[in-house]
């Protein structure tokens, strides 16, 4: 028996594209970062090209998701992108250019997510708005609890970065949204 | 099973019967009402009670009074509604 999929707003095909976009985004960022940290290596050009191709592939998959207006997957992708949002001097050997490039790259992704969320909230019907509200309340609650737990154990945990919190909010919202959608479709 | 976090609607409805009488799919009815197919599915499965405006829209689409589509569930002794 096939399991009913929770919503057309985030289809199975969209899930496959989201996973592809998330993997290629991660791979692209990691390869680019490694290459740029050691740009005197003879393999540097190949690394840059590989990272660039991976980022383009990720962008292509993201474009497909946007075209089908499956905004939950865009929010999920923004959550992944925010994990790499580190426009700090140390991460790029002090290069202001790459620092700004990284900042713009992820801000575009998060800005697009916010834009599509706002647009879709306007066109959502009453059940969808209710589901989104439930998902937001779960997301905020879970992240708040996680922040309190972190505060209690900050001596043994790594320091918290702002983008991680934003990523957790978006990521937990997508998961809570899928869970809430499923409850109404059983 | 409807317990814990599961939504428990307070009304029963004849939506599947009325829709079948007209030969409409869930998607077709959703389009007539300007809502998503998931919303129709959730109402038919008793997972969600529509708002008053949507209930009136359903009454208009099926040319019936609201009471001809929806009826309240009987409350049980423990305050829950019957499935």
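The values are calculated or read from the model by the stated rules, or taken from the named source; none is laboratory data. Since this is a predicted model, take the numbers as computed values, not measurements. Reconstructed Cβ throughout: ideal geometry from the backbone, glycine too, with neighbour counts over all protein chains shown.
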Query raised in the report: Any idea which of (1) in contact (Cβ under 8 Å) with a residue 60 or more places away in the chain; (2) within 14 Å of chain B (Cβ to nearest Cβ); (3) out of contact with any helix residue (DSSP H, G or I) (no Cβ under 6 Å at 6 or more places or on another chain) is the one residue A:120 doesn't satisfy?
Result: (3)
Query raised in the report: Is it the case that some residue within the range A:168-179 is modelled with pLDDT of 90 or more, within 14 Å of another protein chain (Cβ to nearest Cβ) and on the phi < 0 side of the Ramachandran plot?
Result: yes
Query raised in the report: Does the range A:145-171 hold any residues that are surrounded by 10 or more Cβ atoms within 10 Å (Cβ to Cβ) and not in a helix (DSSP H, G or I), and which are they?
Result: A:154, A:157, A:160, A:161
**Report entry** Any helices (runs of 4 or more DSSP H) falling wholly within the range A:12-128 and containing at least 3 residues that are surrounded by 13 or more Cβ atoms within 10 Å (Cβ to Cβ) and modelled with pLDDT of 80 or more
**Finding:** A:12-37, A:44-67, A:71-83
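Mind listing whichever residues of the range B:21-54 are outside any helix (DSSP H, G or I) and at the interface with another protein chain (Cβ under 9 Å from one of its Cβ atoms)? Full working, then the answer.
Let us first name the residues in the range B:21-54 that are outside any helix (DSSP H, G or I), namely B:23-25, B:34-36, B:45-51.
Once the filter is applied, which keeps residues that are outside any helix (DSSP H, G or I) and at the interface with another protein chain (Cβ under 9 Å from one of its Cβ atoms), the range B:21-54 yields B:34, B:35, B:36, B:45, B:47, B:48, B:50, B:51.
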